[in-house]
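*Asks:* I have a structure I would like to understand better, so I am pasting it below and will then ask my questions one at a time.
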Amino acid sequence: MAYVISIDQGTTGTTALVVDFSRPTHSEIIGKHTVDFTQHFPQNSWVEHDLDEVWSSVVAAMSRAIEIAESKHKGFHKNKIASIGITNQRETLCIFERRSGRPLCRAIVWQCKRSAEIVRQLKSEGYEGLFRQKTGLVLDPYFSGTKLRWVLENNPDLKKQILAGTAGIGTIDTYLISRFTSGQSYVTEPSNASRTLYFNTLTGSWDPELLAIFGLPKVELLPEVKQSADQFGLTRGLGFLPDGIPITGVLGDQQAALAGQTCYAKGEAKCTYGTGAFLLANLGNERLVSKAGMLTTVAWSLNGQLTYAFEGSCFVAGAAIQFLRDQWQIIHAAHETESLAQAARAAPDFYFVPALSGLGSPHWDAEARGGIFGMNRGTTKAQLLRATLEGIAFQVSDLTKAISEDLGGPLSILRVDGGAAANNLLMQIQANLSGISVDRPDNIETTGFGAALFSALGSKLFRGLDDLKSTRSTQRIFMPSIDKEERALLSKGWLRAIQAVKVFAGTV
């Protein structure tokens, strides 16, 4: 059997892929389906997910993807699935009953800012250097640890269950594996664990000192950390899937995209344009510390060895286009931005900083908010759309510059994926503003595909990373079409706009 089904459990929806690996150099997605779910905003800057609804989206996406594969691909049946791969939104905190997997509260999503005061407190107590040293991360509400401390400080009932060990705590992967196995597996893996603020990326294990800061007295309260291609558990009692299918590959979503883009060599980089934009550059087995505002994270763990990556995070990318569509109703569909903005000019006169959830790397300003600069009575809708695309690309360009500083030289090429990567105009703007060739693959479902690759690796369909490289092919390369003088002029205005949103937030 050479069929793998992978789950890409994202921030706004779940996508399931059925992948045929019977011809490794011509792997094929034979079934795909996406199911969206509700975003909950109970208070200003709070973001939550109903975990039962998340699970229902997984079941529905997998069931329909299997139906599509069975109807269109002769010889496939769900009984022939060799293994399951999982990739997921990472820093989102889940709390559930250990025995059954039943959710005990809504998930606190990575975008949620409710723990901002806890972050300020930890910084004032002088902990930032310790966390940077041990985890490679900065103190920010983005990460799971501060969310957990908020729960322990604000929900006595959940605190009692967590400390008693009857409640499981983990990221989305841990929750999904528990549901797939009917509560038999309580596990995670390093790329997800490294986003919690209590996983030591030097030792590759949970850190008791960091746990104590967040209010957890014992490492045993946390899930077991497996390798990224490993045996995570077997399906049990699901109905829509046979019992006994192994889960053999798990990666956080951005690391899965790095894997799906086959960035297996040091210095190879990708950017995923989804709700946010996330750029990762492979560091190999050397854990470097950024001097330019990037994070050091775990890419994956294979054969007992950690691979590291620099990561830059822009919290709002595709979400900026959704904002214009859903809240301001300026457009009816995201794809309209390409045609409407094509002939418009925004920078160097007009800028939109889409800091709708704060500024991520390399600025790390959780208090910053979005801003529009240079508007006058002649400003058009097309200019706003152009400035939105440029705002996304400027943020990513800040990341490529930071990584180049840390690596001591420019990136040679940037591999791209995610829904917004289909926008030709955005990709050309990205090449222009970053001064780097942008390589878009035939398959932009690289996140789910990366999970499928690692599941295939874990189930021995492939022998090693070198065997996976042939699964990627390039669809189009976008070359920079402006000179460095024009690029510098456009970037100068962007830096003023970034400074302006910081000044308005009172953080400078």
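The values are calculated or read from the model by the stated rules, or taken from the named source; none is laboratory data. Owing to the predicted nature of the structure, the values given are computational and were not obtained by experimental measurement. Cβ sites come from the backbone with ideal geometry, for glycine too, and all protein chains shown count toward neighbours. Surface accessibility is based on the protein's heavy atoms, side chains included, excluding ligands, DNA and RNA. Shrake-Rupley method; radii C 1.70, N 1.55, O 1.52, S 1.80 Å.
*Asks:* Return the pairs, sorted by first residue and then second, in which the second residue is among the acidic types (Asp, Glu) and open to solvent by 20 Å² or more (accessible area, probe 1.4 Å), the first residue lies in segment 423-434 and is more than 15 Å from TYR351 (Cα to Cα), the beta carbons are less than 7 Å apart, and the residues are 6+ apart or on different chains.
*Replies:* Correct list of pairs: ASN423/GLU338; ASN424/GLU338; LEU425/GLU338.
*Asks:* What's the total number of residues in segment 219-238 that are open to solvent by less than 40 Å² (accessible area, probe 1.4 Å), in contact with a Leu (Cβ under 8 Å, 6 or more places away or on another chain) and closer than 13 Å to SER205 by Cα?
*Replies:* Total meeting the criteria: 1.
*Asks:* Looking at segment 445-456, can you tell me whether even one residue there is within 27 Å of SER339 (Cα to Cα) and either part of a loop (DSSP other than H, G, I, E, B) or open to solvent by 50 Å² or more (accessible area, probe 1.4 Å) (or both)?
*Replies:* Scanning segment 445-456, I find at least one residue that is within 27 Å of SER339 (Cα to Cα) and either part of a loop (DSSP other than H, G, I, E, B) or open to solvent by 50 Å² or more (accessible area, probe 1.4 Å) (or both), so the answer is yes.
*Asks:* Here is a further query. Could you please tell me which pairs satisfy a Cβ distance under 6 Å, a separation of 6+ or placement on different chains, a first residue in segment 250-279 that is touching a residue at least 24 places away in the same chain (Cβ under 8 Å), and a second residue that is surrounded by 24 or more Cβ atoms within 10 Å (Cβ to Cβ) and of a type in the set (Asp, Glu)?
*Replies:* VAL250/ASP173; VAL250/GLU189; ALA257/ASP417; THR272/ASP417
*Asks:* If you go through segment 94-111 one residue at a time, do you hit one that is over 22 Å from LEU158 (Cα atoms) and either aromatic (Phe, Trp, Tyr) or surrounded by 21 or more Cβ atoms within 10 Å (Cβ to Cβ) (or both)?
*Replies:* no
*Asks:* Considering only segment 194-208, how many residues are of a type in the set (Gly, Ala, Ser) and surrounded by fewer than 21 Cβ atoms within 10 Å (Cβ to Cβ)?
*Replies:* Number of matching residues: 2.
*Asks:* Turning to a different aspect of this structure: Given the structure, is SER63 of a type in the set (S, T, N, Q), more than 26 Å from PHE315 (Cβ to Cβ) and in contact (Cβ under 8 Å) with a residue 40 or more places away in the chain?
*Replies:* Yes: the conditions hold for SER63.
*Asks:* Same structure again: In segment 297-316, what count of residues is obtained for those that are more than 19 Å from ALA366 (Cα to Cα) and out of contact with any Pro (no Cβ under 8 Å at 6 or more places or on another chain)?
*Replies:* 10
*Asks:* On to the next question. Do we find that SER115 is over 16 Å from the mean Cα position of the chain (by Cα), open to solvent by less than 20 Å² (accessible area, probe 1.4 Å) and at pLDDT below 95 in this structure?
*Replies:* Against the criterion (over 16 Å from the mean Cα position of the chain (by Cα), open to solvent by less than 20 Å² (accessible area, probe 1.4 Å) and at pLDDT below 95), SER115 qualifies.
*Asks:* What are the residue pairs meeting all of these: first residue in segment 391-411, first residue farther than 21 Å from PHE323 by Cβ, second residue in a helix (DSSP H, G or I), Cβ atoms under 8 Å, and 6 or more apart or on different chains?
*Replies:* Here the result reads THR400/SER434; LYS401/SER434; PRO410/THR400; PRO410/SER404; LEU411/THR400; LEU411/ILE403; LEU411/SER404, each pair linking segment 391-411 to a residue that is in a helix (DSSP H, G or I).
*Asks:* Show me the strands (runs of 3 or more DSSP E) entirely contained within segment 345-437 in which 1 or more residues are open to solvent by 20 Å² or more (accessible area, probe 1.4 Å), touching a strand residue (DSSP E or B) at 6+ places or on another chain (Cβ under 9 Å) and over 24 Å from GLN255 (Cα atoms).
*Replies:* 371-373
*Asks:* Then there's this: Considering each of LEU176, LEU258, LEU241, LEU211 in turn, give the residue that is touching a Lys or Arg at 6+ places or on another chain (Cβ under 6 Å), surrounded by 20 or more Cβ atoms within 10 Å (Cβ to Cβ) and hydrophobic (A, V, I, L, M, F, W, C).
*Replies:* None of the other options fit; the residue is LEU258.
*Asks:* Tell me which of these ILE321 doesn't satisfy, since it passes every other one: (1) closer than 21 Å to GLY276 by Cβ; (2) open to solvent by 40 Å² or more (accessible area, probe 1.4 Å).
*Replies:* So the condition that ILE321 fails would be (2).
*Asks:* When you go through (1) over 19 Å from GLY318 (Cβ atoms); (2) of a type outside the set (Ser, Thr, Tyr); (3) touching a residue at least 12 places away in the same chain (Cβ under 8 Å) one by one for GLN9, which number turns out not to apply?
*Replies:* (1)
*Asks:* When segment 289-304 is examined, which residues are found to be within 22 Å of the chain's Cα centre (by Cα) and either of a type outside the set (Gly, Ala, Ser) or surrounded by fewer than 23 Cβ atoms within 10 Å (Cβ to Cβ) (or both)?
*Replies:* VAL289, SER290, ALA292, GLY293, MET294, LEU295, THR296, THR297, VAL298, TRP300, SER301, LEU302 - these are the residues of segment 289-304 that are within 22 Å of the chain's Cα centre (by Cα) and either of a type outside the set (Gly, Ala, Ser) or surrounded by fewer than 23 Cβ atoms within 10 Å (Cβ to Cβ) (or both).
*Asks:* Related question: For SER178, work out the one condition from (1) over 30 Å from HIS363 (Cβ atoms); (2) under 20 Å from the mean Cα position of the chain (by Cα) it doesn't fulfil.
*Replies:* (2)
*Asks:* If we only count strands (runs of 3 or more DSSP E) wholly inside segment 1-65, which ones have 3 or more residues that are touching a Leu at 6+ places or on another chain (Cβ under 8 Å) and either at pLDDT 95 or above or surrounded by 20 or more Cβ atoms within 10 Å (Cβ to Cβ) (or both)?
*Replies:* The qualifying strands (runs of 3 or more DSSP E) are 3-9.
*Asks:* Something else now. Name the residue that is nearest to the chain's Cα centre (by Cα), counting only residues in segment 89-100 that are in a strand (DSSP E or B) and not β-branched (Val, Ile, Thr).
*Replies:* This residue is LEU93.
*Asks:* Taking segment 123-138, which residues are modelled with pLDDT of 90 or more and surrounded by 21 or more Cβ atoms within 10 Å (Cβ to Cβ)?
*Replies:* PHE131, THR135 - these are the residues of segment 123-138 that are modelled with pLDDT of 90 or more and surrounded by 21 or more Cβ atoms within 10 Å (Cβ to Cβ).
*Asks:* Next up: Could you run through segment 115-163 and say how many residues are over 16 Å from LEU197 (Cα atoms) and touching a helix residue (DSSP H, G or I) at 6+ places or on another chain (Cβ under 6 Å)?
*Replies:* The number of residues fulfilling the criteria is 2.
*Asks:* Among the residues of segment 428-466, write down those that are under 21 Å from the mean Cα position of the chain (by Cα), of a type in the set (A, V, I, L, M, F, W, C) and over 16 Å from ALA82 (Cβ atoms).
*Replies:* VAL438, ILE444
*Asks:* So for segment 330-341 (the condition being more than 19 Å from the chain's Cα centre (by Cα), open to solvent by less than 20 Å² (accessible area, probe 1.4 Å) and of a type in the set (A, V, I, L, M, F, W, C)), does at least one residue qualify?
*Replies:* Within segment 330-341, one or more residues are more than 19 Å from the chain's Cα centre (by Cα), open to solvent by less than 20 Å² (accessible area, probe 1.4 Å) and of a type in the set (A, V, I, L, M, F, W, C).
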